[in-house]
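The values are calculated or read from the model by the stated rules, or taken from the named source; none is laboratory data. Values in this document were obtained by computation on a predicted structure and should not be read as measured data. With ideal geometry, Cβ positions are generated from the backbone for all residues, glycine too; neighbour counts draw on all protein chains shown. For the accessible areas, the whole protein counts, side chains as well, though only heavy atoms, and no ligand, DNA or RNA atoms are used. Shrake-Rupley method; radii C 1.70, N 1.55, O 1.52, S 1.80 Å.
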Amino acid sequence: MIIWFQKFFERNGVVLSLYMLIVTFIWIVVMFVLPQIFMFDFSFRFNWTQIDPSKIGGPEDIYTLQHYKFLLFGSPNNPDPFNIVDVSVFARTILAAVFVTLFDVILCYPVAYYLAHVAKGGVTRLMMLSLVVPFWINELLRAFAFRILFGEEGTINNILLFLGILNQPIDFVRENIALYTGLGYAYILLMIFPIYNAVESLDRNQIEAARDLGSPWWRIHWRVVIPYAKPGITSGCTMVFMLSAGALALPQIIGGPSSLWFTQIIYQWFNTGSNWPRGSAYAVSLLVICVIFVLLIMKIFKVKFGEIGR
Amino acid sequence: MSADVTLENITVKFDEFTAVKNADITIKGGEFFSFLGPSGCGKTTLLRAISGFQEPSEGLVRIGGKDMTGIGPNKRPTALIFQNLALFPLMTVWENIAFSLEVKGVSKAERMKRADELLELVALPGQGGKMVNELSGGQRQRVAVARALAAEPEVLLLDEPLSALDLKLRQHMRTELREIQQRAGITFIYITHDQGEALTMSDRIAVMREGLIEQVGEGTIVYDNPATAFVASFVGENNAFHGTVTKVISSKVVVNTDSCELEAYLAEGSKLSVGDKAIVFARPEAISFVKRKNSAKNVINTEVVHQEFEGHFWHLILKGPKGMKIKMSQINDGSTQVYDEGTKIQVQIDPKQAIALAIGPLAAE
Amino acid sequence: MSSATILRLTTSFYIILFFAYLFGPLIVMSITAFNSAAFPRLSPWDCFSTEWFGVLVNDARMMDGFKNSLIIGFAVVLVSVPIGLAGALMLSQLSNRVRPVFYTLTISTILVPGVVLGISTLIFWDRMGMMFNAGYESFFYDGIVLTVIGQSTFISAYTMLVFISRLQRFDPVLEEAALDLGATNIQTFRKILLPFLKPAIGSAAVLAFLASFENYNTTVFTIVSESTLTTVLASKVRYGINPSISALAVIIIGLTLTVAFIHEVLKRKEQAREIALKKEGQSVKEKSTVRKPFRNPVPVMVLLIFVVGLGTAWMARGYDVQQCKIEVFEEKRKHQEELSKKRRAEMQKKLNTQKSTSSSDPVESTKKAAPGTIQYGNIFAPTNLEGQVESNETEPEIQKNQYQNIFAPTNLEGQVKSENE
């Protein structure tokens, strides 16, 4: 170990070595790891800041599972066996995130493939650019755009009424369609580019060879392209899932009354609930589920971590 | 101005692999010295050890008598010309050349003046304002040399600098580099796998194989009096006749080979006794047609396989009695006949030009 | 048609649909910015107006948030670019065993949900503040500082990726050459490595700024009592949307397209120069590069739209919005009058038929009629008409918003709190 440090300092000189080591240390430890640990620790503490600030650091500032219990079982006065509201919201958030992920894979895979192999030079550049531009526009503004489209007096309703398909406007927002479409839309870029990168390096000759051997196009994709693109698909799925499960802006703007998102509950605990430890516990739970999901995906598809990057 | 370089028993190991074994030589100040050997023989490692990028596992490097252990490459009085030249792509030609002065804090005016001087020296006057990638291969070479010279090193190290150039340019640069070296008077340490380069440019050559220095000497000596079988087969072309020693008479030996009984002289410093396995080496130009049939020594009956014309040489590829391939070269003085394949001819090897060496590994074909 | 053709047509159709999905919402939103109606919509289209841009600029909270977003953006660039650079340099020097661990750690900052990063940053510095017994004014509790820290945690990973990709194309032998010529490590870094990284520094800075500007999930927790443009926008859900948001969208879309266009032009010039230089010894011809960008359709289209937009705006200067509004208002009034005439007629009919069928109860029928007339009586009063027309537009929206929020009481309270804090 010490030899490594010696060689490192030799190679880079004192100033640069210190710069690299100190800065990366601050980044990873002080800005990232320590806060996570503190949050984790905090989730096991009583909410003294609200109840009785003098007790902080004192003998009564012990650990408790109170908040996690609350997440699962609700308050002691809860007539139901479980904290139905919170748990169901949690479950629904995760399921919805899975659904959105699947939707995005199916939506984006053809486009990524088209971009990588079918489109020619100039068209490719045009398409790339037109994919990237919408995403330079603020996530919130895009959410509002969806709000405008899907509202009761929104454009889609107007068109459908105009065409006579509907007699009454559909409340898309209430039906959560707006939210899901919005979520699907939001992370398209993050699904397309990993798949594109993975598929692009596939030797077109393999596809030609398969076609030559008489394979129908769907089988070519199933047996040749998709296995090759697996790392890209996995990395895209990981990102979309994490971002959907952790989305906050979209549910707040185009979420309907019945599509409360778990992140919104977390936000409440910090705002109105003023129960930071409880909020932390909820946040930790979300984090844990996300990590489990990612590990599961990586295991199922046998993909290593190093493949995720822009 | 120029310094001696002494390698004192240098060994360089990378984990399990030993790249250089017990290298121990002294390169004289002002000398044009070459390390010659096939890829992987350790010559680059040795160069990096001298320039300071690689600390030897054992032994030490002295430059000008001073021990260089622990001294980094930027503090050694050496300048290295890398194989891919490593010219700074984002700088102009004169910025490249003046770089070593820039880091010392020399004023801009002074730097420009010096750069122009060096451009004159390497025959690239007025090219200072161009970007590196606007120059041709040969021009870039010369900029690399100018850049190294600007650092006013006592030792200039060159890592196969001509390998990327085409033949004509290579030949031209050989002469140029030699001239520059003599004008500047600096010690040049040059590494290459091309023995033609080594022979034409160097004062002395060290032939290396798998980390070991097999022979050090002037070009003529290394060529005419190779110390080992490897050196004999690597430097220049050589026909190798394997056999067993039957007689030893002072500095002459008789070796019984497949092709015939050969009389050769014993290499200096080589000890052979009767019964030893040996190789007799004869250069293609040492083989000639039999003139006086009866008193000729070292006569071999061969069959023509192939005839090649290479400008100033005719080469005949012959097949010996047991199938051994023999190469014979004749100067193109207009007297050479063209032989059909299969023609049987007798050739002879001049005993004074045949050298016998102990058996050892040969250069790869 | 052969199956291959069908396949190709379907694919093309799909691709077109996809891009419609992608651009549709944005185009719609942009158009609504010019509709004078109080709620952003395409139809009914009231009047063409640019008044909402004015409303946008006069919105103090929005402007305050915008200012903060700018400050935070610049600060994040200053923090995350050096961090990303250090990370990339470290990564290039680590052994093959340690490298994946380090890489995983740094990439995790992007994968961890933004809300978690925000919360953890908030809690950590809060506890730190307590440990040092710092006052509430200190930086431990300052929304701007915390947001910069929280955002930089993951944005540094983005910048690091940019640097890694650029570093991979760097020839390490150049560093050795510099050292060999006598440069110190710092000089090598400054004179050889940094100039090479310059374009990457530029890209990383732009990336960092954009990522910071549009961040919400992390910011909303770390911003505490301040606000950024994004948090202000999000809180508008409660106050009701008006087309000033669409106006904002138009501005941002316009800026983005312009930047994209400039970027394309610059990239093409760079490429043209590289190709020209590859031919040895030739000097670059500057003239030909100007014509190249116009071969690509996108910049041409964008430029066209821009020009058309400007032209329309210029021509529309003589067009008076107020006049249009009054006209629209008049139309609506007429429409209402006709409607009410119709209803009156129907009511008359009903009364008549009622009179004929049930003559026994004139009192009741009049009673029935009375509430009706009272209802409709309101409509007839011209002053009431104005109220009716306007409130038709605004009231339903506000009502709707209210109802939405009532069903999710948490939303309502959450937004209230964020306004007050």
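Evaluate Rg over Rh across chain B, taking Cα atoms for both radii and Kirkwood's formula for Rh.
Values: Rg = 24.2 Å, Rh = 22.8 Å.
Rg divided by Rh gives 1.06.
In segment C:176-248, one over the average inverse separation of all distinct C-alpha pairs is 16.1 Å, which is the Kirkwood hydrodynamic radius. The per residue volume of the convex hull around the alpha-carbon atoms of segment A:194-245 is 64 Å³. Once the partner protein chains are put back, segment A:269-292 shows a loss of at least 30 square angstrom of accessible area, versus the chain by itself, at A:270, A:271, A:272, A:276, A:287 (probe 1.4 Å, ligands and nucleic acids excluded).
At 1.4 Å probe radius, can you tell me the per residue accessible area of segment B:241-365 in Å²? Write out the running numbers ahead of the final one.
Values: 7140 Å² over 125 residues.
About 57 Å² of surface per residue is accessible.
Bridge orientation summary for chain B: considering DSSP beta bridges with both residues in this region, about 75 percent are antiparallel. The largest accessible area among A:3, A:220, C:186 belongs to the first residue in A:3, C:186, A:220, and the rest follow in falling order (1.4 Å probe, all chains).
The shape of segment C:77-172 can be summarised by an equivalent ellipsoid whose semi-axes, obtained from the alpha carbon gyration tensor, come to 31, 14, 12 Å from longest to shortest. Which entries in B:28/B:66; B:252/B:319; B:13/C:191; A:69/A:302; A:120/C:267 show an alpha-carbon gap greater than 23 Å? Check vs 23 Å cut-off fails for B:252/B:319; B:13/C:191; A:69/A:302.
The solvent-accessible area of residue C:72, taken with every protein chain present and a 1.4 Å probe, is close to 0 Å². Applied to segment C:225-230, the Karplus parametrisation 6.51 cos²θ - 1.76 cosθ + 1.60 on θ = phi - 60° returns per-residue 3J(HN,Hα) values of 9, 8, 8, 10, 3, 5 Hz, with x for Gly and Pro. In segment C:199-224, burial by the other protein chains removes 20 Å² or more of 1.4 Å probe accessible surface, compared with the chain on its own, from C:210, C:214, C:216, C:217, C:220, C:221. Heavy-atom accessible area for residue B:41, with the other protein chains in place and a 1.4 Å probe, reaches approximately 0 Å². Residues A:276, A:217, sorted by accessible area with the largest first, give A:217, A:276 [1.4 Å probe; ligands and nucleic acids excluded]. Taking chain B as the reference, fit the longest principal axis to its C-alpha atoms, fit the long axis of helix B:108-121 to the helix C-alpha atoms, and give the angle between the two in degrees, 0 to 90, nearest 10. The angle comes out at about 20 degrees. Shown here are the Rg and Dmax of the Cα trace of segment A:197-310, at 20.2, 66 Å.
Rolling a 1.4 Å probe across all protein chains gives residue C:98 an accessible area of roughly 70 Å².
Per-residue 3J(HN,Hα) values for segment B:46-55, derived from phi via the Karplus relation 6.51 cos²θ - 1.76 cosθ + 1.60 with θ = phi - 60°, read 4, 4, 5, 5, 5, 7, x, 8, 9, 7 Hz in sequence order (x marks Gly and Pro).
C plus A alone minus the pair: what accessible area, both sides summed, probe 1.4 Å, in Å² to 100? Heavy-atom accessible area buried at this interface is about 9400 Å².
Just checking the listed ones, B:194, B:116, B:15: in the Gaussian network model of chain B with Cα springs under 10 Å, the one fluctuating most is B:15. Over chain B, dividing the summed -39,500 (n - 2.57) contributions of all DSSP H runs of at least 4 residues by the number of residues returns a 222 nm mean residue ellipticity of -6500 deg cm²/dmol.
What number comes out for the charge environment of residue C:229, summing +1 per Lys or Arg and -1 per Asp or Glu over other residues with Cβ under 12 Å away? Intermediate results must be reported in sequence, preceding the final value.
On the way: positive: C:61, C:67, C:236; negative: A:139, C:59, C:64, C:214, C:226.
So the surrounding residues net to -2.
Over segment C:59-242, the hull volume per residue, using the convex hull of the C-alpha atoms, is 151 Å³. For segment C:205-266 versus segment B:6-36, the inter-centroid distance based on Cα atoms is 64 Å. The 3J(HN,Hα) values that the Karplus relation (6.51, -1.76, 1.60; θ = phi - 60°) gives for segment B:314-331 are, in residue order, 9, 10, 10, 9, 10, 10, x, x, 9, x, 5, 7, 10, 10, 10, 10, 10, 5 Hz. Gly and Pro appear as x.
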